[in-house]
Each structure stands twice: as C-alpha cells, then as structure tokens.
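K.L.:
Please find one structure pasted underneath; my questions will follow.
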Amino acid sequence: CSSGRSTERPVLIGIYGGTFDPLHYGHLRVAEELIDTICFDQFFFVPAGEPRLRDSPGASKHHRVRMVSLSIQNNTRFSMDDRETKRSGVSTTVSTLQEYHQEYDGKAVLCFVIGADAFVKIHCWHHWRELFQLCHLIIVERPGCIRVSDSTQLPQKILSECASRWTTDPRDLVRHFSGMIYTADTTLLDISATQIRSLVKTGKSIRYLLPDITLDYIKTHNLYSGKNEFR
Ligand code: ATP
Ligand code: MG
C-alpha cells in the first residue's frame, strides 16, 4: 500500500458506484487492484437504484443487490452498501456522498471510483462540480475508451474544471480532503454488463466473465433472457 498507514491519516473510504447489471470481473479486478494500491479502510460497492442517465436496468434492484452480495461474499476487503436501491426515485452520487460525510462526522476522505467511459460524461451528472468538494475521483481506464489522463478529447467543461486536479500519486488522496483526480493503472479488462446481457439473451455462455455464483443466480432467476417479464 503506497499511500501508507498512519494514526494521523483520515479514514479512507473507496466507493464504487454502478448499475451492476450484473457486477462482473471487470469491476471486481479493478477494485481488488485499487485496494492493493490505496490503503482503503473500507471499500463499498454501491448499486444504483433508478439511474438518472440511462435506460432502466435489465434486472430489478433486488436482483442486482443480490448479485453484488453473492459476488463479493468471499472477499473480506469488499462491502456492499445498498442505500441507493432503498431510496425512492432516482439516485444521485452527490446525495450518497453527503450521507457518507454525515455518517463519518466529516472525518472521512471519500474516493469515488469511476470508469473512463462514465467520466467523459460526468458533466451530465446532477450537480457534478460538487463532487470535487465531496470526494476524490479515481478513474479506471476501459478498453475502447479514450485515455482520460492524456486526452484533449475530453469535453471543454470537464477539461477546465479538472485542469489542476490530476495526479498519479496515491499519497495525494490522503494529503487532500477532496478534489483530486487519481488516474489508476489497473488491468484493462474488456468486459461489460451490456456484453453479458446480450450473451444471455442470445443463449451464449457468460462463463469466466463473472463469478460462477452470479452466473448460477442469473440462470436460476432467468435474468436477461427476455423470457421473464416480471424479472
Ligand atoms: P453496462 O454495459 O450496462 O453500462 P458496465 O459494464 O459499464 O455495464 P456499470 O455498472 O455501468 O458496468 O459500471 C459501473 C462503473 O464501473 C462505471 O464507472 C464503469 O465505467 C466501470 N466499469 C465497468 N466495467 C468496467 C471494466 N471492465 N473496467 C473498468 N471499469 C469498468
Ligand atoms: Mg456502464
């Protein structure tokens, strides 16, 4: 852990938000590698309730939460926080982060993990500039997506907001309360939930893209096949 542990440093919390429809090895491997690099005291997967910026998920909140729980059950470094799925209406990351600060009495440093594909659209998120007051962003690159750290292809709004925030030094995450953008050098795994849903729908194998236990859950509950209207 290169960010180091000391009694004086704040509680460091990793928060990985997503629809997780379903959670797959792309998410899990990234989280595992980040925890090795950054000494998180806790690391949460936070499944979104009703996403604001995308179509309704293929599986219900209940199933997505169950799939996250099953996928992480053997890893003591991972936790799940289902608060967003319990909220009525759309979920916003800003309100989730504000709740964390209240719960930790303003003493925690929050690191929100986001893939490059989501980061390039961050200026569409609700009150997106507030994120920099509430958390650090940890950006993980995704195959087929622009490399955000050295890209001038980012929308102008993002470029100007983020200009002085970039870092590749994990120690910056404990030196500052919020507002840094750490670009992580994690393994690029070309796996997406869209691909998994489409494979299921066309009757193809999804083995080795996600944990077997999640695969069994998808089969048992007939998720993503298009045959189960109720889900
Ligand atoms: P979908 O295809 O339905 O959008 P997804 O695979 O992108 O699913 P999400 O739940 O949308 O999964 O992703 C949650 C977060 O995880 C996002 O920030 C996304 O960029 C990131 N992410 C998803 N898959 C990967 C991957 N293979 N590598 C790195 N980050 C990923
Ligand atoms: Mg996605």
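Only the coordinates and a few stated rules stand behind these numbers; no lab work does. The shown structure was predicted, so the numbers you read here are calculated from the model rather than taken from an experiment. Glycine gets a Cβ as well: all are built from the backbone with ideal geometry, and neighbour counts include every protein chain shown.
K.L.:
For the pair Asp185 and Tyr208, how long in nm is the line joining their label points, each one 7 Å along Cα→Cβ?
P.N.:
For the pair Asp185/Tyr208, the computed spacing is 2.8 nm.
K.L.:
Here is a further query. Among Ile35, Ile138, which comes first, second and so on when ranked by fewest other beta-carbon atoms within 10 Å?
P.N.:
Numbers: Ile35 17, Ile138 25.
The most exposed by this proxy come first: Ile35, Ile138.
K.L.:
Now a separate question. So which residue, out of Cys39, Cys135, Cys124, gets the largest mean-square fluctuation from a GNM of the chain using Cα contacts under 10 Å as springs?
P.N.:
Comparing Cys39, Cys135, Cys124 in a Gaussian network model of the chain, the most mobile one is Cys124.
K.L.:
Listing Ser79, Ser56 from the residue with the fewest other Cβ atoms within 10 Å to the one with the most, what is the order?
P.N.:
Ser56, Ser79
K.L.:
Add -39500 (n - 2.57) for each DSSP H run of 4 or more in the chain, then divide by its residues: what number comes out at 222 nm, to the nearest 500 deg cm²/dmol?
P.N.:
Numbers: 10 runs with 77 residues, N = 231.
Dividing the helical sum by the residues of the chain leaves -9000 deg cm²/dmol.
K.L.:
How big is the charge dipole of the chain about its Cα centre, in debye rounded to the nearest 20, if each Lys and Arg gets +1 on its Cβ and each Asp and Glu gets -1 on its Cβ? Mind dumping the intermediate values first?
P.N.:
Details: 28 positive and 26 negative charges, 130 e Å.
Computed about the Cα centre, the dipole is about 620 debye.
K.L.:
Give me the distance in nm between label points sitting 7 Å out from Cα along the Cα-to-Cβ direction at Gln133 and Arg147, one decimal.
P.N.:
Inter-label distance under the simple model: 3.5 nm.
K.L.:
Right, another one. Return Tyr104, Tyr16, Tyr224, Tyr208 ranked ascending by Cβ neighbour count within 10 Å, so the fewest neighbours appear first. The partial results should precede the final answer.
P.N.:
Details: Tyr104 15, Tyr16 27, Tyr224 22, Tyr208 10.
The most exposed by this proxy come first: Tyr208, Tyr104, Tyr224, Tyr16.
K.L.:
I'd like the Karplus ³J(HN,Hα) series for segment 119-131: coefficients 6.51, -1.76, 1.60, θ = phi - 60°, whole numbers in Hz, and an x wherever there's a Gly or Pro.
P.N.:
Coupling constants for segment 119-131: 4, 5, 10, 5, 5, 8, 6, 4, 6, 4, 5, 5, 3 Hz.
K.L.:
Apply the a/c threshold of 1.5 to the C-alpha gyration tensor of segment 35-154 and tell me whether it is rounded, prolate or oblate.
P.N.:
On the way: a/c = 1.26, a/b = 1.16, b/c = 1.09.
Cα axes put segment 35-154 in the rounded bin.
K.L.:
Measure up Lys61/Lys121; Lys86/Lys204; Lys121/Lys201; Lys121/Lys219; Lys107/Lys219 against 31 Å on the Cα-Cα distance and list the ones that go over. Write down the numbers at each step before the final one.
P.N.:
Working: Lys61/Lys121 23 Å; Lys86/Lys204 33 Å; Lys121/Lys201 28 Å; Lys121/Lys219 33 Å; Lys107/Lys219 43 Å.
Too far apart for the 31 Å limit: Lys86/Lys204; Lys121/Lys219; Lys107/Lys219.
K.L.:
Past the 30 angstrom mark, what percentage of all C-alpha to C-alpha distances in the chain do you count?
P.N.:
23
K.L.:
Now for a different question. Label-point separation (nm) for Glu99 and Gln195, each offset 7 Å from Cα along Cα-to-Cβ?
P.N.:
With each label point 7 Å from Cα toward Cβ, the separation is 3.2 nm.
K.L.:
If you don't mind, another one. Kindly state, to the nearest 0.05, the FRET efficiency for His176 paired with Glu32, given R0 = 25 Å and r defined as their beta-carbon distance. Display every interim value, and only then the final one.
P.N.:
On the way: r = 25 Å, r/R0 = 0.99.
The computed FRET efficiency comes out at 0.50.
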